[in-house]
Amino acid sequence: MKKETRAIHQPSVDLPEGNEPLVSPIYRSVKYSFPRIADALTIEARRDGFDYARDASPTTRQLERLCAELQGRDDAIAVSTGMAAVWLALLPNLSAGDRVVFFLECYRPIRTMLRERLEQFDIRHSMVSVHDPDAIREAFALEDTKLAIFEAPTNPMLQVPDIQKIVDLAKASDVVTVLDNTFGGLHNHGAYDIDLILHSLTKYASGHGDVMGGVVIGDRKRIGSLKPWAINMGATLDGDAAFMILRGLRTYFLRYRQHCASAHTIAEYLRGHSRVSRVFYPGLSDDPGFALASSQMDGCGGVLSFQMDCTQEICWKFIDALQLFATVSSVGSTESLVAPVKLYFARDLSEQEAERAGITDGTVRLSVGLEHPDDLIADLEQAFACAFE
Ligand SMILES: Cc1ncc(COP(=O)(O)O)c(C=O)c1O
């Protein structure tokens, strides 16, 4: 063989039997071969084998299996971002003329998707509050309602929906339920009979703010029906990103516990602060969501919001004064993050809707990182002093 050819058809390294790497390799190959065409067509090859990385690849498959198992389901599809997961969970389950029920208390791009993008395809929506069971029941009972998407807890105001109630109402009206469980975490809410659970893996799953991903999790039949859509849409998660998320997941439980503990400490500190009028964190015993969250979840996560009775100018001054909290709209990283809620998450809401959602000019969301909570509290304290000097 000429060297030019060898440079392309490279030697392979086969591991001796039993000589296994502890960390699985990253499969970067786009294409996978079979000895003969006919071999590629067997049931086993089609079920377990690999052909083209947009369809499936071993590293991504490993991540899908882990996510499915953590949520107590059979199967999952990993995609390139959390929003791709939202689109994948919704589109294949909808046709023109169908209605989606979603909640005022939700992540802004999901509202945008439902109120602006899907309108174009004659997919209608009803927006109700997670705290209004009568409105939920009425919306689910509409003949054209096919699907409901909700979060637990909600982004950005940490409201806790009654999952069992939503599932029961949905089942009674034959409505498909989709839970965006990004804030809840991969270990929570799997016991509820929800049809599809999705996550932005960009957050707590990967945990370090250096990779994006999303996943839709469900029973084999539902995931099987989404798979051809995922392949055709091309929203595939690539092997490198899957590897990074798998690496993050090794420390997921340790990190999530610490995020919860630190967020709780900071929520307690804020609750006692003279400049803070209200704290939204379902881990606090006087939070309206405390009882539900305690029964539904193991740990309330690392995100909390709070209100100051102040102008937008003072709120922004407070945020700008923070040194350890970076001003960005993401959550779930090792470092702490801060966001002005009205500007980042409620620009599309009318004044009335924002008020119903509890969002004011002085509402701030914190994603509590893994720094020492004493340092974070000292940083918050100096920012209060600076903003209200
Ligand atoms: C609740 C929720 N769902 C979905 C997403 C979208 O995730 P991604 O940014 O990975 O697309 C986010 C992102 O912040 C989120 O908070």
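The values are calculated or read from the model by the stated rules, or taken from the named source; none is laboratory data. These figures come from a predicted structure and were not determined experimentally. Glycine gets a Cβ as well: all are built from the backbone with ideal geometry, and neighbour counts include every protein chain shown. To get the accessible areas, we keep the full protein, side chains included, count just its heavy atoms, and leave off ligands, DNA and RNA. Shrake-Rupley method; radii C 1.70, N 1.55, O 1.52, S 1.80 Å.
Considering only Pro109, Pro161, Pro16, give the residue with the highest GNM mean-square fluctuation for the chain, with springs between Cα atoms whenever their separation is below 10 Å.
Comparing Pro109, Pro161, Pro16 in the GNM, the peak value goes to Pro16.
Determine the order of Ser367, Ser12, Ser329 by accessible area, beginning with the largest, at a probe radius of 1.4 Å.
The ordering from most to least exposed comes out as Ser12, Ser329, Ser367.
Would you calculate a helix-derived [θ] at 222 nm for the chain, using -39,500 (n - 2.57) for each DSSP H run of n ≥ 4 and dividing by the full residue count, to the nearest 500?
About -11000 deg cm²/dmol.
Report Val160's accessible area, 1.4 Å probe, all protein chains in place, as a number in Å² to the nearest 10.
Counting only protein heavy atoms, the figure is 10 Å².
To test your reading of the geometry: what angle, between 0 and 90 degrees and rounded to tens, separates the Cα axis of helix 220-233 from the longest principal axis of the chain?
Approximately 80 degrees, to the nearest ten.
Among Phe306, Thr42, Val279, which residue has its Cα positioned farthest towards the positive end of the charge dipole of the chain, with +1 placed on the Cβ of Lys and Arg, -1 on the Cβ of Asp and Glu, and the dipole taken about the Cα centre?
Highest projection toward the positive end goes to Thr42.
Could you tell me, in Å, what Rg and Dmax come out for the Cα atoms of the chain?
In order Rg, Dmax, the Cα atoms of the chain give 22.8, 78 Å.
Please list 3J(HN,Hα) in residue order for region 187-197, calculated via the Karplus relation 6.51 cos²θ - 1.76 cosθ + 1.60 where θ = phi - 60°; whole Hz, with x for glycine and proline.
Karplus-based 3J(HN,Hα) across region 187-197 equals 9, 10, 6, x, 6, 7, 7, 8, 6, 9, 10 Hz.
Order Tyr281, Tyr344, Tyr52, most accessible first, counting only protein heavy atoms with a 1.4 angstrom probe.
Tyr52, Tyr344, Tyr281
What figure, in Å² to the nearest 10, do you get for the accessible area of Lys146 with a 1.4 Å probe and non-protein molecules left out?
Ignoring ligands and nucleic acids, Lys146 comes out at about 80 Å².
Considering only protein heavy atoms, what is the solvent-accessible area of Thr327 at a probe of 1.4 Å, reported in Å² to the nearest 10?
For Thr327, the solvent-accessible surface is approximately 60 Å².
Rounded to the nearest 5, what % of the DSSP beta bridges within the chain are antiparallel ones?
Rounded to the nearest five, the antiparallel share is 60 percent.
By how many degrees, 0 to 90 and rounded to 10, does the Cα axis of helix 252-271 deviate from the longest principal axis of the chain?
Approximately 10 degrees, to the nearest 10.
Antiparallel DSSP bridges in region 119-273: what percent, to the nearest 5?
40
Order Arg99, Arg54 by their accessible area, 1.4 angstrom probe, all chains in place, largest first.
The most accessible residue leads, giving Arg54, Arg99.
Under 1.5 on a/c is rounded, so check that first for region 252-387, then, if it is not, pick prolate when a/b is larger than b/c and oblate when it is not; a ≥ b ≥ c are the square roots of the alpha carbon gyration tensor eigenvalues.
oblate
Given contacts defined as C-alpha pairs under 8 Å and at least six residues apart, what's the relative contact order of region 172-246, whole-number percent? Let's see the in-between values first.
Details: 82 pairs, mean separation 19.1, N = 75.
Normalised by residue count, the contact order of region 172-246 is 25 percent.
In what sequence, highest mean first, do 60-68, 375-383 appear when ranked by Cβ atoms within 10 angstrom? Numbers along the way, then the final one.
Numbers: 60-68: 21.6, 375-383: 17.2.
The most tightly packed comes first, giving 60-68, 375-383.
Give the lysines reachable from Lys171 as a straight Cα distance under 22 Å; neighbours fewer than 8 places away on the same chain don't count.
Hits, sequence-local ones excluded: Lys146, Lys221.
Express the carbon and sulfur contribution to the solvent-accessible surface of the chain as a percent, rounded to the nearest whole number, probe 1.4 angstrom.
Within the chain, the accessible surface is 51 percent carbon and sulfur.
Using only the alpha-carbon atoms, how far is helix 312-321 inclined from the longest principal axis of the chain? Give it as 0 to 90 degrees, nearest 10.
60
Treating cross-link reach as a plain straight distance, find the lysines whose alpha-carbon is under 24 Å from the alpha-carbon of Lys342, omitting any fewer than eight places away in the same chain.
Output for Lys342: Lys203, Lys317.
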